[in-house]
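The values are calculated or read from the model by the stated rules, or taken from the named source; none is laboratory data. The structure presented is a predicted model; accordingly, all values stated were derived computationally and were not measured. Every residue, glycine among them, receives a Cβ derived from its backbone with ideal geometry; neighbour counts consider all protein chains shown. Note: areas computed on protein heavy atoms with side chains; ligands, DNA, RNA excluded. Shrake-Rupley method; radii C 1.70, N 1.55, O 1.52, S 1.80 Å.
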Amino acid sequence: MAVLSEDLRQRIRAQFPNYPDKRAVTLPALHIVHDAERAVSPEAIVEIAELLELHPAEVSDTMTFYNFFRAPERPLGKKRVWVCRSISCMLRGGEELLEGLCKRLNVNVGDTTPDGGVTLEFGECLGACEGAPCMLVNDECHMNLTEEAALKVIASK
């Protein structure tokens with residue numbers, strides 16, 4: 001039985017014209033599946049490989065090279081929170097923000113809350129130095145955060 005829905009397969013195939021060959025669609029395909037499923041299973045890797053005419057090991061190598069993707073044993077929560085750890089954010093309280101969120105959410109960096117609601121991670125630079133400290137909630141950047149403001153943002157998303 002197929003793991004990838006026909007919609008996901010179509011979204012991956014729609015990327016083919018944007019790249020010089022199917023191999024180049026590996027990363028976009030992983031993002032499409034990961035965004036939809038919150039993880040990429042070994043079965044999904046096999047199906048992506050079939051679509052791209054690659055060996056599953058090639059897709060797996062790409063997936064494991066990037067820490068961005070999660071395996072089914074450690075799926076993302078409904079909200080993915082990245083706290084910036086760049087020098088600008090660090091100087092304006094980013095480390096304290098990350099530490100405070102770990103305590104308040106009762107989770108270690110890289111882990112997901114027991115209810116599956118939030119995965120808390122750090123990014124080396126989110127490119128919003130003018131608004132340090134900052135964080136991403138899913139793909140939305142929030143700047144000039146205090147711990148309380150960050151918790152309100154997370155709760156509202």
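Within the accessible surface of the range 116-157, defined with a 1.4 Å probe on protein heavy atoms only, the carbon and sulfur portion equals 55 percent. Given (i) 158; (ii) 125; (iii) 138 as candidate values of volume of the Cα convex hull per residue in Å³, which corresponds to the one derived from the coordinates? Identified label for the calculated read-out: (ii).
Annotated for the chain: lysine pairs at least 8 residues apart or interchain, Cα distance under 30 Å, count 8.
Taking a Cβ cut-off of under 15 Å around Pro56, the surrounding Lys, Arg, Asp and Glu residues balance to a net charge of -4, with basic ones at +1 and acidic ones at -1. When nucleic acids and ligands are ignored and a 1.4 Å probe is applied, Glu58 ends up with an accessible area of around 60 Å².
Charge tally for Met135 (other residues, Cβ to Cβ under 15 Å; Lys, Arg +1; Asp, Glu -1): -3. The distance linking the range 1-50 with the range 72-133 is 27 Å (Cα centroid to Cα centroid, whole angstrom). At full extension, Leu91 and Asp21 could sit 20.8 nm farther apart than now, given 0.36 nm per residue minus the alpha carbon distance. Near Thr113: Cβ cut-off under 11 Å, other residues only, Lys/Arg at +1 and Asp/Glu at -1. The net charge is +1.
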